[in-house]
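Take a look at the structure set out below.
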Amino acid sequence: MSETLNPFAIAQAQLDEAAEVLQLDPDMHAFLREPMREFHFTIPVRLDDGGVRTFKGFRVQYNDARGPSKGGIRFHWEETIDTVRALAAWMTWKTAVVDIPLGGAKGGVIVDPRSLTRTELERLCRGYARNVARVVGITQDVPAPDVYTNPQIMAWMMDEYEVLMGHHEPGVITGKPLELGGSAGRGDATARGGIYTLREAAKVLGMDLRGKTAAIQGYGNAGTFAHQLAEDILGMKVIAVSDSRGGIINTDGLDYEQTFAHKLNTGACAYFPAADEITNEELLELDVDVLFPSALENVITEKNAHKIRAKISAELANGPTTPEADDILYDRGVYVIPDFLCNAGGVTVSYFEMVQNAYQFYWSEDMVHDRLDQKMTNAYYAVQKMAEAKKVNNRVAAYLVAVERVAQAVRLRGWV
Ligand code: GLU
């Protein structure tokens, strides 16, 4: 039988494996396999030419036993309810593994945002906010950016919500522009958190990352900052990067400033002077020290897992590796820093943003970095110790840490 690529089936299968190792009570297991609440709605958007297009939107509140649910909103043409469910489940384990007092949620709209004008995009965002206004808020559920959403989109949604509710509540959404209550350090937080876990992993593995090579699949928010920070913090050499239109490689290293400027100017990585073209598939299979899958789900599957030559896969994307591929990578000795640990820096600084919004008192960037480092380092060692103690791969170990924390909150509340 060929492997399933349905992200929610994968998220459930991962939980099932952890439940078996934990010997989780079957009633608890059954409860944690399903989202607590989900909302499906249609958003009619008035176009600039006077017509109307209707979009499908979702918000899934997977679990809020540990606190208000939290998670981004994705705009993607291939969005499905099962993808949003999976991402909401992963947010639940993510907030638990970094031990912040929040649950997990995710939102999505089936749309190619590049097909809308700026004014149409604003109307779509306001329409989304109107649909979820009654079920989000600082004590209920707090959205944030994700694939193809950004601080401007968060600002429009916050504004629509506040106008509807009749009061200021900046903490209703995170990843806002600094001028509207965003946090210092939120922009690069996902990549920075991943770099901190990679720094610790290298210590455990006895590797010196200075001068070592990296390849980045997905040159969006997480991928571009990973390039900068792998150079600045770890002294690594990034030799290849890619986006949906293909990749580039230069074995002497791609300079961050120049590569990023090229991507900004042309909208793509391809055709960068002084680099050769490479496909996404080839990039994943490069003989590098560290691979950063930083785009979407299911890029490392049973088809290519045996060809991955990186020593470490630091997963900045959500769900890049299938369970079958996980087993292959583990057997072959590829050290995986699993997604909901590696990319938890974004939601961690989102939590810091909520705290600052609540007090209307803002922290310096250095303070954000220090506190993020503490959270990521603690989470990394909780997972690493669990992997050693139970002799399981890092993903199962991360599940063991996270599921036990969520299950305990559910038990204490008396739900199961
Ligand atoms: N979308 C990001 C993630 O997948 C951040 C979520 C948040 O800040 O709430 O972790």
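The values are calculated or read from the model by the stated rules, or taken from the named source; none is laboratory data. Being a predicted model, the structure only gives us computed values, none of them experimental. Cβ: placed from backbone, ideal geometry, glycine included. Neighbour counts: every protein chain shown. Side chains included, ligands, DNA and RNA excluded: accessible areas come from the protein's heavy atoms. Shrake-Rupley method; radii C 1.70, N 1.55, O 1.52, S 1.80 Å.
Select, from Glu297, Glu315, the only residue that is within 12 Å of the ligand (Cβ to nearest atom), open to solvent by 10 Å² or more (accessible area, probe 1.4 Å), touching a residue at least 12 places away in the same chain (Cβ under 8 Å) and within 19 Å of Ala402 (Cβ to Cβ).
Working: Glu315 fails: open to solvent by 10 Å² or more (accessible area, probe 1.4 Å).
The unique qualifying residue is Glu297.
Which of the strands (runs of 3 or more DSSP E) found entirely inside segment 131-245 contain at least 2 residues meeting this: modelled with pLDDT of 95 or more, open to solvent by 10 Å² or more (accessible area, probe 1.4 Å) and away from the ligand (no atom under 16 Å from the Cβ)? Lay out the reasoning, then the answer.
Values: elements: 141-145, 213-217, 237-243.
Fully inside segment 131-245 and qualifying: 213-217, 237-243.
Please determine whether any residue of segment 42-60 is hydrophobic (A, V, I, L, M, F, W, C) and within 16 Å of the chain's Cα centre (by Cα).
To start, the set of residues in segment 42-60 that are hydrophobic (A, V, I, L, M, F, W, C) comprises 43, 45, 47, 52, 55, 58, 60.
If we keep only those that are within 16 Å of the chain's Cα centre (by Cα) too, we end up with 60.
Yes; the residues of segment 42-60 include at least one that is hydrophobic (A, V, I, L, M, F, W, C) and within 16 Å of the chain's Cα centre (by Cα).
Is at least one residue of segment 248-258 hydroxyl-bearing (Ser, Thr, Tyr) and open to solvent by less than 70 Å² (accessible area, probe 1.4 Å)?
So far as segment 248-258 goes, yes, one or more of its residues are hydroxyl-bearing (Ser, Thr, Tyr) and open to solvent by less than 70 Å² (accessible area, probe 1.4 Å).
Checking the condition modelled with pLDDT of 95 or more, acidic (Asp, Glu) and more than 30 Å from Glu388 (Cβ to Cβ), which residue from Glu257, Glu315 passes?
Result: Glu257 is the single residue among Glu257, Glu315 that is modelled with pLDDT of 95 or more, acidic (Asp, Glu) and more than 30 Å from Glu388 (Cβ to Cβ).
Within segment 318-353, how many residues turn out to be under 20 Å from His227 (Cα atoms), open to solvent by 20 Å² or more (accessible area, probe 1.4 Å) and within 16 Å of the ligand (Cβ to nearest atom)?
Selection size over segment 318-353: 1.
So the check is Cβ under 9 Å with 6+ separation or different chains; which pairs have a first residue in segment 59-81 that's under 18 Å from Leu121 (Cα atoms) and among the hydrophobic types (A, V, I, L, M, F, W, C) and a second one that's part of a loop (DSSP other than H, G, I, E, B) and away from the ligand (no atom under 13 Å from the Cβ)?
Phe75/Val111; Phe75/Asp112; Trp77/Val111; Trp77/Asp112
Is there any pair linking a residue in segment 264-286 that is in contact (Cβ under 8 Å) with a residue 60 or more places away in the chain and within 23 Å of Ile300 (Cβ to Cβ) to one that is of a type in the set (D, E, K, R) and part of a loop (DSSP other than H, G, I, E, B), with Cβ under 7 Å and at least six apart or on different chains, and which?
Leu286/Arg309
If you take the residues of segment 369-397 that are in contact with a Phe, Trp or Tyr (Cβ under 8 Å, 6 or more places away or on another chain) and over 17 Å from Pro101 (Cα atoms), which of them is surrounded by the most Cβ atoms within 10 Å (Cβ to Cβ)? Break it down into steps so the answer makes sense when it comes.
In the first step, residues of segment 369-397 are kept if they are in contact with a Phe, Trp or Tyr (Cβ under 8 Å, 6 or more places away or on another chain); the result is 371-373, 376-377, 380, 393-394.
With the extra rule that they be over 17 Å from Pro101 (Cα atoms), the set shrinks to 373, 377, 380, 393-394.
Numbers: Asp373: 17, Thr377: 15, Tyr380: 27, Asn393: 20, Asn394: 24.
Among them, the one singled out is Tyr380.
Of the conditions (1) in a strand (DSSP E or B); (2) over 13 Å from the mean Cα position of the chain (by Cα); (3) under 18 Å from Asp112 (Cα atoms), Gly72 clears all except one; give me its number.
(2)
What number of residues within segment 18-38 are over 24 Å from the mean Cα position of the chain (by Cα), part of a helix (DSSP H, G or I) and over 17 Å from Ala65 (Cα atoms)?
Selection size over segment 18-38: 4.
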